[in-house]
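One structure is given below, encoded as structure tokens.
The values are calculated or read from the model by the stated rules, or taken from the named source; none is laboratory data. Just so we're clear, the structure is a prediction, and the values are computed from it rather than from any experiment. All Cβ positions, glycine included, derive from the backbone under ideal geometry; neighbour counts span all protein chains shown. Side chains are part of the model used for accessible areas, which takes the heavy atoms of the whole protein and leaves out ligands, DNA and RNA. Shrake-Rupley method; radii C 1.70, N 1.55, O 1.52, S 1.80 Å.
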Amino acid sequence: MKELSLSLEMQAIKIRVQGIVQGVGFRPFVYRLAREMQLTGTVANTGNGVIIELQGEEQNITAFCSRLQSEPPPISRITDITTEGISVQEQRSEFIILLSRQGEKANTQISPDIGLCPDCLRELFDPRDRRYRYPFINCTNCGPRFSIIKTIPYDRPNTSMGVFALCPQCEREYHDPLDRRFHAQPNACPTCGPSLSWHNADGNPVATNDCIGACAEALAGEKVVAIKGLGGFHLAVDATSIPAVATLRKRKHRRKKPLAIMVRDLEQARKFCRITEQEAELLSSYRAPIVLLEKEKKSILAENLAPGIGLLGLMLPYTPLHHLLLADANCPPALVMTSANLSEEPICIDNDEALTRLHGLTDFFLLHNREIVTRVDDSVVRVMAGKARILRRGRGYAPEPLLLAHRTKNILGCGAEMKSSFCIVRNNEAFISQHIGELTSPQALDFYTESINHAQKILETDIQAVACDLHPDYQSTRFCKKHENSAQVQHHHAHGAAVMAEYGLDEPVLAVLLDGTGYSEDGIVYGGEYYRVDRRGYTRLAHLSLLPLPGGDRAAREPWRMAMALLHQTKGEEGVSEYSLPEALLQIDDSKRALMAQMLAGKINCPLTSSCGRLFDAVAALLGLCMVADYEGQAAMELEHQAERAWNDQKTDPYDPVLKNDDGILILDSRPLALQIIKDLHQGVAIPVIASRFHRWLLDGSSQILLRLRRQTGLNTVVLGGGAFQNKLLLEGLTTGCLAESFSVFSGEQVPSNDGGIALGQAYIAGAPEKYLN
Ligand code: ZN
Ligand code: ZN
Ligand code: FE
């Protein structure tokens with residue numbers, strides 16, 4: 001940001017402030033500051049930021065400018081300030097706030113939704129306050145934003161609060177520049193604002209004067225309740241009740257997928273999870289994401305919340321409704337709060353839609369009549385290698401932009417297929433969308449296309465170029481190809497570029513891309529890659545050795561197939577015969593195994609893959625951890641959990657990594673690895689030790705590859721990308737390893753390392769400045 005400096009003569013000045021400066025209490029802040037500094041003039045929201053005109057004594061103007069930057073409202077974010085001198089106007093005698101103007105080309109950003117602020121929280125529980133126990137209390141420092149905006153500028157009629165006429169008291173607050181609710185667009189009170197209603201399983205309203213109390217009571221009675229929230233519906237149950245959690249799992253068809261919980265406050269949270277200072281800060285921040293935390297060994301939480309893994313997703317209340325519910329005397333101390341949807345469909349947002357789609361899933365509905373315009377799931381964050389890493393970008397973060405190193409044309413990155421998101425680049429700002437989900441259902445595809453249209457509208461951006469994955473069958477690729485100016489980017493090139501974009505890296509880097517699935521034109525499924533990446537292209541310098549993928553995509557859902565593949569690759573037909581199979585694989589049906597052995601022997605429907613995710617699957621199944629996966633990444637998460645248990649144990653030397661050189665390409669061979677694992681299994685070595693040695697094999701192997709590639713290329717900067725870096729042992733291990741060898745190493749924080757970050761990488765490559773293009 002530029003230093004503000006004023007010439008001695010200047011007594012009137014015009015300031016333009018850009019960034020997240022609308023809907024965050026910026027104008028009242030300017031107003032109070034100007035009055036305090038005895039300055040006259042105006043402040044206005046425009047499509048191009050906040051414009052301030054000031055007039056007064058020079059020293060006061062200088063003081064104003066410095067305080068503007070040093071103490072702006074907590075949730076605002078200034079990205080640019082420009083100033084110019086203007087002529088003094090004699091008739092100005094006061095400071096006033098001008099109404100919003102339209103017309104100018106927008107460059108303003110939309111604030112994410114913001115968790116309840118401390119002032120509103122105090123009022124919520126103050127019996128003397130007129131909003132005592134009002135579930136929709138908010139102010140300029142908190143409340144819904146992105147999720148209620150229909151169009152810009154951000155003014156009440158352009159939000160879903162437009163249908164609620166302000167009562168005289170709220171109206172007064174809204175127009176009083178000294179009030180905390182001055183121009184708080186969603187301002188409301190029990191007299192004029194939205195309200196709750198309580199419905200039975202069939203959606204029929206049930207009369208009650210205490211919806212929150214009724215909800216708490218139902219939850220205490222082990223019932224499932226669909227609760228309408230900020231960016232969508234949650235399904236809630238008592239997280240301390242095994243039967244309640246089991247009921248929810250059965251209805252949602254989710255046997256094992258970890259369920260996130262919400263608890264009243266940090267003190268409660270500490271009874272269930274180990275929480276560092278950094279994690280505590282994240283949980284309590286106005287973004288209030290789900291934070292992945294280490295479970296306490298013993299707690300009253302139901303064991304079936306997150307079976308097989310040591311992590312638990314936990315969040316604190318972020319709406320007044322949540323605060324009221326969790327404070328209710330009857331409410332269980334921890335609630336499962338999981339997105340209300342059927343498996344891969346998007347989260348429900350509309351009341352009627354919820355009553356239909358959630359019918360049969362829930363026993364009750366807690367509804368309200370404030371429309372959710374934009375679907376935003378809860379964000380998921382994990383602290384790794386000392387940094388908060390966004391694994392799912394949603395509420396509290398979207399649509400806040402990332403600032404890029406260069407300005408480009410307006411580009412749309414279409415993303416991938418799983419964990420999809422898109423990215424719109426406008427000038428030097430990259431708007432990574434909220435998590436959209438798997439683009440496999442028609443509903444998800446609608447959500448995707450609607451969100452792209454909505455984002456283009458509220459960002460006022462005409463797309464000039466579009467980029468997508470190489471995979472011809474991704475829905476996002478098909479969408480992209482409708483655009484005339486489209487480019488395709490290889491999946492792992494995009495993973496690497498996403499990290500480059502986040503840190504403004506323009507020069508070539510070495511990229512370690514440990515991932516699940518990425519399409520390439522040679523017919524091999526990529527996913528364990530070591531590239532040289534630049535903004536023009538990439539060179540594949542090393543990779544994990546290839547394994548057959550028996551049954552294609554089905555192999556990803558059935559890790560036991562990958563275990564058979566690894567054994568077959570290592571020891572041929574003998575490796576998959578009944579007499580030599582490890583114990584775990586004998587639990588698979590004889591006929592299924594026989595069929596698999598045939599497929600592998602005949603190379604029938606067995607494309608080859610270098611995928612790191614599939615290697616994790618193979619090892620997890622060899623160890624008997626996960627034979628058939630209930631959710632994506634399950635085998636890898638369980639294997640990480642086992643490894644963690646032995647991580648600091650002296651016995652866990654790595655398995656020896658063996659590197660081969662195949663025509664100039666380095667290959668980290670998984671066959672010697674498999675032999676070492678089988679030997680350990682025969683000798684009865686504990687599962688956590690084997691899991692740990694496997695992780696260290698991959699870390700050591702990767703470090704050795706990087707050292708060789710540095711000698712070969714002279715490059716010293718490393719980026720880490722791909723879904724496998726959601727694994728803390730891998731991310732921290734490789735980061736430490738790289739630093740120890742004096743590499744500069746980067747990995748995603750704002751941008752998910754999984755496929756949620758692909759769209760940014762695509763846009764970064766498509767928007768490369770001329771000098772990087774052929
Ligand atoms: Zn507030
Ligand atoms: Zn009111
Ligand atoms: Fe990927």
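Take the residues in the stretch 267-314 that are assigned to a strand (DSSP E or B) and among the hydrophobic types (A, V, I, L, M, F, W, C), then tell me which one is farthest from Tyr631 (Cα to Cα). Walk me through how you get there before you give the answer.
Initial filter on the stretch 267-314 (assigned to a strand (DSSP E or B)): 273-274, 290-295, 311-314.
With among the hydrophobic types (A, V, I, L, M, F, W, C) added as a condition, the list becomes 273, 290-293, 311-312, 314.
Working: Cys273: 23, Ile290: 18, Val291: 19, Leu292: 17, Leu293: 19, Leu311: 15, Leu312: 16, Leu314: 19 Å.
Result: Cys273.
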Enumerate the helices (runs of 4 or more DSSP H) found wholly within the stretch 558-617, keeping only those where 3 or more residues are within 35 Å of the chain's Cα centre (by Cα), closer than 24 Å to Asn727 by Cα and in contact (Cβ under 8 Å) with a residue 60 or more places away in the chain. 559-575
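Limited to the stretch 720-745, what total is found for residues that are at negative phi and either within 14 Å of ligand 3 (Cβ to nearest atom) or modelled with pLDDT under 95 (or both)? Lay out the reasoning, then the answer.
Of all residues in the stretch 720-745, those at negative phi come to 720-721, 723-741, 743-745.
Next, only the ones that are either within 14 Å of ligand 3 (Cβ to nearest atom) or modelled with pLDDT under 95 (or both) stay: 720-721, 723-727.
Number satisfying all stated conditions: 7.
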Could you pull out the residue among Ala354, Ala430, Ala416, Ala398 that is away from ligand 2 (no atom under 16 Å from the Cβ), of a type in the set (Gly, Ala, Ser) and part of a strand (DSSP E or B)? Ala430
Lone qualifier among Leu68, Leu116, Leu54 - being farther than 26 Å from Lys457 by Cβ, touching a residue at least 24 places away in the same chain (Cβ under 8 Å), of a type in the set (A, V, I, L, M) and open to solvent by 10 Å² or more (accessible area, probe 1.4 Å): Leu116
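Conditions (1) of a type in the set (Val, Ile, Thr); (2) at pLDDT 90 or above, marked per residue:
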site: Lys2; (1), (2): no, no
site: Leu39; (1), (2): no, yes
site: Thr42; (1), (2): yes, yes
site: Gln69; (1), (2): no, yes
site: Asp80; (1), (2): no, no
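Taking into account only those residues within the stretch 307-324 that are in contact with a strand residue (DSSP E or B) (Cβ under 8 Å, 6 or more places away or on another chain) and buried (at least 23 other Cβ atoms within 10 Å of the Cβ), which is farthest from Asn138 (Cα to Cα)?
Let us first name the residues in the stretch 307-324 that are in contact with a strand residue (DSSP E or B) (Cβ under 8 Å, 6 or more places away or on another chain), namely 310-317, 321-322.
Cutting the leftovers down to buried (at least 23 other Cβ atoms within 10 Å of the Cβ) gives us 312-316, 321-322.
On the way: Leu312: 30, Gly313: 26, Leu314: 23, Met315: 20, Leu316: 17, Leu321: 11, His322: 13 Å.
Restricting to residues being in contact with a strand residue (DSSP E or B) (Cβ under 8 Å, 6 or more places away or on another chain) and buried (at least 23 other Cβ atoms within 10 Å of the Cβ), the top hit is Leu312.
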Inside the stretch 662-686, can you point out the residues that are surrounded by fewer than 17 Cβ atoms within 10 Å (Cβ to Cβ) and over 14 Å from Thr570 (Cα atoms)? Asp662, Asp663, Gly664, Ile665, His682, Gln683, Gly684, Val685, Ala686
Report, by residue number, each residue of the stretch 650-661 that is assigned to a loop (DSSP other than H, G, I, E, B) and open to solvent by 50 Å² or more (accessible area, probe 1.4 Å). Gln650, Lys651, Asp653, Asp656, Val658
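Considering only strands (runs of 3 or more DSSP E) fully contained in the stretch 180-251, which possess at least 1 residues that are surrounded by fewer than 21 Cβ atoms within 10 Å (Cβ to Cβ) and at pLDDT 95 or above?
Numbers: elements: 196-200, 225-228, 233-238.
Correct list: 196-200.
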Within the stretch 145-181, residues within 16 Å of ligand 1 (Cβ to nearest atom) and touching a strand residue (DSSP E or B) at 6+ places or on another chain (Cβ under 8 Å) come out as Arg145, Ile148, Arg180, Arg181
If we keep only residues of the stretch 143-179 that are hydroxyl-bearing (Ser, Thr, Tyr) and either in contact (Cβ under 8 Å) with a residue 24 or more places away in the chain or open to solvent by 40 Å² or more (accessible area, probe 1.4 Å) (or both), then the residue farthest from ligand 2 (Cβ to nearest atom) is Thr151
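When the stretch 434-445 is examined, which residues are found to be within 20 Å of Gly413 (Cβ to Cβ) and touching a residue at least 40 places away in the same chain (Cβ under 8 Å)?
From the stretch 434-445, those within 20 Å of Gly413 (Cβ to Cβ) are 434-440, 444-445; that's our starting set.
Across the stretch 434-445, the qualifying residues are Gln434, His435, Ile436, Gly437, Glu438, Thr440, Ala444.
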